[in-house]
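What follows is calculated from the coordinates using simple rules that are stated; it is not laboratory data. Owing to the predicted nature of the structure, the values given are computational and were not obtained by experimental measurement. Because the Cβ atoms are built from the backbone with ideal geometry, glycine has one as well, and the counts that use them run over all protein chains shown.
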2 protein chains.
Amino acid sequence: MFSELQTEIEARYDIHFDDLSLLEEALTQANYINEHPNYHGRDYQRLEFLGDAIMQQSSAVYLFKRYPDWDEGRLTELRILMVQTRSFAALSRELHLDHYVQLGHGEEISGARNRDSLLEDLWEAFIGALYLDQGQDAVMNLLEQVFFSKIDTGFYDRFVDYKSKLQELLQKNGTVDINYQKISEEQIENNEQIFTVAVQLNGKQLAVGEGKSTKDAEKVAARRAYKDLTMDK
Amino acid sequence: MFSELQTEIEARYDIHFDDLSLLEEALTQANYINEHPNYHGRDYQRLEFLGDAIMQQSSAVYLFKRYPDWDEGRLTELRILMVQTRSFAALSRELHLDHYVQLGHGEEISGARNRDSLLEDLWEAFIGALYLDQGQDAVMNLLEQVFFSKIDTGFYDRFVDYKSKLQELLQKNGTVDINYQKISEEQIENNEQIFTVAVQLNGKQLAVGEGKSTKDAEKVAARRAYKDLTMDK
């Protein structure tokens, strides 16, 4: 089974994972072992300990070099957005680790295979295993393909609270009146609606946003206004 | 000035630090720059961001490989003890970074040069700089000489709360009576006293400890009892 994953990783990312027992360790959950008394392997938790630290350093090194003009506050902020449960879970799904994990029966029943917190642990364990098997350069190579590249697609934007950031930015020099105003609401297919909302500063419109709820539309408007104001597009 | 530190590091640790401007950046505090308008360098904070992550990964990799039989809980516990303000401050002093740091006038007056929190930041910044200048292997080489080696001397023991650990251990299978009993108190020079305390489990003596206060003596007794019981000497 793990040789299939090995083949898949080689085909998709041009990375050869050598030691299949390490790959198996990274994808074996403790209860699976408890339920298989003849199984002679370990669960993923030691590798998760290792991989957690490797994700932290890899991200810090990458951001430090990529953004030579950013101060440590901004670097820290982006790193926190990147290194978190939801983004690691997305990576596990992208590499199909969720297909391969060996779970205990109870975990299987309760839907752990699709649970972000498990998939986050698996990602860290997988990175720990890749580090031991192929070294830091292979880790950076994979992360450039699947993790760092997502900075440019705006992937981590979804984790940013732009309404708070916009408020912080506008209130830097004293109290201001920030207002979100519904402009329109349009019926589309499937009984769904599209809302359009404008964000206003002291009555002047900064940006508009659309979404399937007013809350979503507000977030979009806030992000656009924030990016316009900071030129961080 | 920084070439002196360069020479010192080479002589003591056989590590050649090449780029003196990086060394200077790691040892320059923001207010120093504010007070020197003609100074064309950066403060240490970006390097501190980098070095923090490098200390985390280096420690995780070292512990993972050194203790192949430890579970992730025990690995995490020792890493937390190692990677903390007081131990990093001790390392900065050991390398004399406190002598070389360029501080703002106010910080100098307020005694920042000897403040653990500043010295912790400097250590991380220095490790960030060493990583950029000489790479991961040089970092591991230095850490083996000054940081990991301290595991064997019991250096990190001082950060462990052995009274709590002993209590946890003894109460694993139900409530027990743990008691610390003063055995003696002896006058020594300089008006100081040495206290001797015994720790007892259900009235039976487990270990004794000595110290300049009963609290210190209790800690020593607890550590000895804990290590006897766990064979972790």
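Things to note:
- Share of Cα-Cα pairs in chain B lying beyond 32 Å, as whole percent: 38
- Using alpha-carbon coordinates, inclination of helix B:45-66 to the longest axis of chain B, degrees: 50
- Take the Cα of B:I183, go 7 Å toward its beta carbon, and none of the backbone nitrogen atoms of the range B:122-164 fall under 16 Å from that spot.
- What sits nearest the axis between copies A and B, counting only chain A Cβ atoms, is the residue and whole-Å distance A:Q57, 2.
- Our coupling estimate for the range B:199-211, obtained by passing each phi through the Karplus curve with A = 6.51, B = -1.76, C = 1.60 and θ = phi - 60°, is 9, 10, 10, 6, x, 9, 6, 9, 6, 10, x, 10, x Hz, Gly and Pro reported as x.
- P(r) weight above 19 Å for the range A:1-100, C-alpha pairs, percent: 56
- Student exercise, chain B dipole from Lys, Arg, Asp, Glu Cβ charges, in Debye to nearest 20: 1260
- Computed [θ] at 222 nm, deg cm²/dmol, chain A (DSSP H ≥ 4; -39,500 (n - 2.57); rounded to nearest 500): -17500 deg cm²/dmol
- Ranked by the mean number of other Cβ atoms within 10 Å of their residues, highest first, the peptides B:185-195, B:108-118 fall in the order B:108-118, B:185-195.
- An ellipsoid equivalent to the range A:162-230, defined through the eigenvalues of its Cα gyration tensor, has semi-axes of 25, 11, 8 Å when rounded to whole angstrom and sorted largest first.
- Mean-position separation - Cα centroids, the range B:181-215 and the range A:89-144, in angstrom: 52
- Sorted shortest first, the separations between the A:R74 label point and its copies elsewhere in the assembly read 4.6 nm; each point sits 7 Å from Cα along the Cα-to-Cβ line.
- Counts of other chain beta carbons within 10 angstrom of each beta carbon in peptide B:59-71 average 3.
- Residue-averaged beta-carbon neighbours from other chains (10 angstrom radius) around B:45-52: 5
- Between A:I183 and A:T196, A:V197, A:A198, the built amide H atoms are under 5 Å apart, and every one of these is 5 or more places off in sequence or on another chain.
- In this assembly of identical copies, the label point of A:Q187 (Cα plus 7 Å along Cα-to-Cβ) is separated from its counterparts by 9.8 nm, sorted shortest first.
- Nearest-first distances (nm) between copies at B:A11, label 7 Å from Cα via Cβ: 6.2
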